[in-house]
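A short write-up of the structure that comes next.
Derivation of every value follows stated rules applied to the coordinates shown; laboratory data play no part. All values derive from a computational prediction rather than experimental measurement. Note that each Cβ is placed from the backbone with ideal geometry, even for glycine, and that neighbours are counted across all protein chains shown.
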Amino acid sequence: MATILVTGGAGYIGSHTVRALLDAGDSVVVVDDLSRGHREAVDPRAEFVQADAGDRERLAALLTGRPFDAVIHFAGLIAVGESMADPARYHHGNVVKSAALFDVLRAHGVTRVVFSSSAAVYGEPETVPIPEDHPLRPTSVYGETKLWVERMLAHYARAYGFRYVALRYFNAAGAHPDGTLGEAHDPETHLIPLAIGAALGTRPPLRIFGTDYPTPDGTAIRDYIHVCDLADAHLLAVRHLLAGAPGGVYNVGTGRGHSVREVLAAAELVTGRPVPAVEAPRRPGDPARLVAAPDRIRRELGWEPRYGLEDILRHAWRWHSRQGGGRSGSAGGWPGG
Ligand code: UFG
C-alpha cells in the first residue's frame with residue numbers, strides 16, 4: 001500500500017478521497033491551511049498538518065526523510081465569479097502555490113502527481129459530449145489557472161521526469177452515502193446544495209439561472225458526478241502512476257447531462273418536498289451544455305461511476321438534513337455548512 005500526500009484534504013472532494021484512500025489501506029498525510037476546508041472533514045486515520053500547500057519551508061520539512069509515493073494536489077480556489085473579480089488571488093492561490101509545491105516535490109524526488117483540474121479548461125464547448133482533445137479556451141480566470149497548472153505538469157514531465165494525471169472534473173456533487181461527509185462551501189454557489197437548502201427552508205428559493213437556453217426545457221445542462229465516484233477516479237489515477245504508467249489528462253464525468261429543471265424535479269422526488277424556485281436571468285459565463293465524454297478514463301483507468309443523479313440527491317439530502325439538524329457539539333454543522 002502506498003503513502004500519499006494530499007493537499008486540500010480537508011475540502012469537499014479532498015476529504016472524500018482521503019476516506020477512500022484510507023479505506024483502501026493507504027497511509028495519508030493531509031496538508032490543508034483550513035482557509036476553505038474543515039478540520040472535522042479530515043478522517044482521524046489520516047495525519048493532519050495545518051499548512052499552506054505553497055509553504056516551501058513547511059512542505060520541505062514534511063518531505064524530508066519521508067518517502068511519499070505520490071501527491072494528490074487538491075488545494076486551490078474554485079469559484080468562477082470570484083476569479084473574475086479578483087484574478088490576482090487565483091493566480092497566486094492556484095498557479096504560484098502549485099509551482100512552489102512542485103519545486104519542493106522535485107527537490108525531494110516525489111514526481112508522481114494527481115492534479116484536480118476542471119471542465120472549466122474547455123470554455124464554451126464546440127462539441128458536446130466534450131472529449132479531452134477538445135480545444136482549450138477557458139472563459140474564466142479560474143479555468144485559466146487550472147490550465148496553467150496542467151501545462152506546468154506537462155513541462156515538468158518532459159524536463160524533470162514528473163508523471164501526472166490531471167483529472168478534469170465536471171460537476172462534483174453529492175455526499176458520502178453514510179451521511180458523515182459532504183459539501184460545505186462558504187459562500188455556497190452550487191446548484192444541488194442550494195436546491196436542498198431551498199427544500200429544507202434553510203436557504204431562499206432557488207433562482208433558476210436562465211430559462212431560454214437552447215436545451216429541451218430551456219435550462220442549462222450539466223454532467224453531475226458523485227463525489228465518491230470522483231474519489232475512486234483519484235485512487236485509480238494513483239494506482240496507474242504507481243504501476244509505472246506515463247499518466248495523462250482525463251475527463252471525470254458520467255457522460256449524461258441533466259438540466260436545472262431535471263435536478264429540481266429529482267430533488268423534489270428524493271426529499272418529498274417542493275423546491276421553491278424562481279426564474280432568473282442567465283448567470284454570466286454559464287454555457288448551455290457541459291457534458292463529458294468519459295471514454296478515456298473508462299478505457300485506460302477502468303473507472304466506472306457507481307452513482308446516478310438520484311443517488312447524488314439522496315446522499316446530499318442526508319448530509320444536509322444532518323447538518324441543518326445540528327451535530328453534537330456543533331449546532332448548525334461545520335463552519336460554512
Ligand atoms: N444554477 C442555477 N441556480 C443556482 C446555482 C446554479 O440555476 O442558484 C445553475 C447554473 O446556471 C448551472 C447549473 O445550475 O447551469 C450548475 O451550476 P453550479 O454553480 O452548481 O456549477 P457550474 O456548472 O457553474 O460550475 C461547476 C464547478 C466549477 C467548474 C464548472 C465547469 O463548480 O468549478 O462546473 O465545469 F468550473
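Mind checking the full-extension length gain between THR180 and ALA280? Use 0.36 nm per residue of separation minus the Cα-Cα distance, one decimal, nm.
Stretched out fully, the THR180 to ALA280 stretch lengthens by 32.7 nm.
Using bins 20 angstrom wide from zero, how does P(r) for the chain break down, in % of all Cα pairs?
Result, from short to long distances: 32, 60, 8 percent.
Which far-off residues, 5 or more places away or on another chain, put their amide H under 5 Å from the one on TYR169, with H placed in the peptide plane?
Amide H neighbours of TYR169: SER117, SER118, ALA119, VAL252.
Which value in nm describes the separation of the simple spin-label points at ALA24 and ALA99, placed 7 Å from the Cα toward the beta carbon?
3.2
Less than 17 Å from a label point 7 Å out along the Cα-to-Cβ axis of THR189: which backbone N atoms in segment 31-49 qualify, by residue?
36-37
From the backbone phi of segment 155-161, what are the Karplus-calculated ³J(HN,Hα) couplings (6.51 cos²θ - 1.76 cosθ + 1.60, θ = phi - 60°) in whole Hz, Gly and Pro given as x?
These are the phi-based 3J(HN,Hα) values: 5, 5, 5, 5, 8, 10, x Hz.
Just how far, in whole angstrom, is segment 117-194 from segment 1-78 if you go by their alpha carbon centroids?
Segment 1-78 and segment 117-194 have Cα centres separated by 19 Å.
What residue among ALA231, ALA85, ALA220 has the largest mean-square fluctuation in a Gaussian network model of the chain, using Cα springs under 10 Å?
The residue that fluctuates most here is ALA85.
Among 47-60, 170-183, 4-17, 101-114, how do they line up by average Cβ neighbours within 10 Å per residue, starting with the highest?
4-17, 170-183, 101-114, 47-60
Per DSSP helix of 4 or more residues, -39500 (n - 2.57); summed, then divided by the residues of the chain. What does that give at 222 nm, rounded to the nearest 500?
Helix-only estimate at 222 nm: -11000 deg cm²/dmol.
Once all Cα-Cα distances of segment 198-262 are split into 10 Å bins that start at 0, what whole-number percent is in each one?
For segment 198-262, the binned pair fractions read 17, 29, 28, 17, 9, 0 percent.
Given a 10 angstrom Cα cut-off, can you work out which residue in TYR122, TYR90, TYR307 is the most mobile in a GNM of the chain?
TYR307
Mind checking Rg over Rh on segment 151-275, alpha carbons, Kirkwood formula for Rh?
So for segment 151-275, dividing Rg by the Kirkwood Rh gives 1.08.
Tell me, in nm to one decimal, what length is gained between THR64 and GLU300 on full extension, where the rule is 0.36 nm per residue of separation less the Cα-Cα distance?
Using 0.36 nm per residue and subtracting the Cα-Cα distance, I get 81.6 nm.
Write down the percent of antiparallel bridges among all DSSP beta bridges whose residues are both part of the chain, to the nearest 5.
5
With labels modelled as points extended 7 Å from the Cα through the Cβ direction, what inter-label distance (nm, one decimal) is found for LEU242 paired with GLN50?
That separation, rounded to one decimal, is 3.0 nm.
List the residues whose amide H sits under 5 Å from the amide H of TYR164, counting only those 5 or more places along or on another chain, with H placed 1.01 Å from N in the peptide plane.
Under 5 Å from the amide H of TYR164: VAL113, GLY248.
So who's got an amide H within less than 5 Å of the one on ALA75, skipping anything under 5 residues away but keeping other chains? H placed 1.01 Å off N, in plane.
THR7, GLY8
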